[in-house]
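Here the structure is laid out as structure tokens; the discussion comes afterwards.
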Amino acid sequence: MRNASTVRRSPWTDVLKCAIALLFLGAGSVAAQSSKDMTPEMQKVRQALDKYQDPIAAVHDGYFSTVGCIEYPKAGIAGQVPYRAGGMGVHFFNVALMGKLDPMKPQVLVYQPEGGKLRLVAAEYFVPLSPDSKERPEMFGHPFDGPMEGHHPLMPHELKHYDLHVWFWKRNPAGLFSPTNPEVKCPKSPYTFKETAPALVTHN
């Protein structure tokens, strides 16, 4: 029996490891959002949130799945948020962060189901309407969408709010801040919901 310290490693071991690493790097970069489309601040935020590419890390930090994967087959019409047709994905909410607007602490993380896994694609900043909300919030110099009703059926209509999606990790032909992404597809599943754009509401 050979001593473990004398066993020689095949040079093919390192080659194989490099090949696997390159394969995963290539897969992760497909359709990824380009850094050149982001400000230096946004690049820092994306880097800080990269840890949530593992959805279990998100759960450990208080983000919990709403289970359903959301698509909007039709664009919003008059009286609705002017969504373009497209998908959003699976939302993970952190209710402890509600009411705190910090770019490093989005209230929602958005994942796209891919091959039995969840891929982090966007962050969402979510501000419920309240008497303290005097004006439309902004993030990264971009105004929030809304105010709007809650996204039924995964939240009650009465949860009126502003929100802003930022596609940090997936290319979005509709725009970096578009609520929907035509390249996001949900699987055929009882937990895929094809919704209509939420109604706009007034902010008194």
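The values are calculated or read from the model by the stated rules, or taken from the named source; none is laboratory data. Just so it is clear, the model here is predicted, and its values are computed rather than measured. Positions of Cβ are backbone-derived with ideal geometry, glycine not excepted, and every protein chain shown enters the neighbour counts. These accessible areas exclude ligands, DNA and RNA; they are computed on the full protein's heavy atoms, side chains included. Shrake-Rupley method; radii C 1.70, N 1.55, O 1.52, S 1.80 Å.
Points worth noting:
- Tensor-based shape of the stretch 23-134 (alpha-carbon gyration tensor, a/c under 1.5 rounded, otherwise prolate or oblate): rounded
- The count of lysine pairs in the stretch 56-204 with alpha-carbon distances below 23 Å, taking only pairs 8 or more places apart or on different chains, stands at 20.
- If you take all other residues with their beta carbon under 11 Å from the beta carbon of Met104, and give Lys and Arg +1 and Asp and Glu -1, the sum is +2.
- Taking θ as phi - 60° and the Karplus parameters 6.51, -1.76 and 1.60, the scalar couplings of the stretch 93-101 work out to 9, 10, 5, 5, 9, 4, x, 10, 9 Hz in sequence order, x denoting glycine and proline.
- Spacing of the two label points (7 Å from each Cα toward its C-beta) at Arg171 and Gln43, in nm: 1.9
- Under 14 Å, Cβ to Cβ, from Gln43 - net charge with Lys/Arg +1 and Asp/Glu -1: 0
- Around the amide H of Ala85, modelled in the peptide plane, lie the amide H atoms of Ala75, all under 5 Å away and 5 or more residues distant in sequence or on another chain.
- With every protein chain in place and a 1.4 angstrom probe, the accessible-area ranking of Lys117, Lys188, Lys170, Lys105, largest first, reads Lys188, Lys117, Lys105, Lys170.
- Spin-label proximity, Ala57 to the stretch 159-199 - amide N less than 20 Å from point 7 Å beyond Cα toward beta carbon: 166-171
- For Lys170, the amide hydrogen comes within under 5 Å of the amide hydrogens of Gln33, counting only partners 5 or more places away or on other chains and with H modelled in the peptide plane.
- Surface composition of the stretch 117-167: carbon plus sulfur atoms hold 52% of the accessible area, using a 1.4 angstrom probe and ignoring ligands, DNA and RNA.
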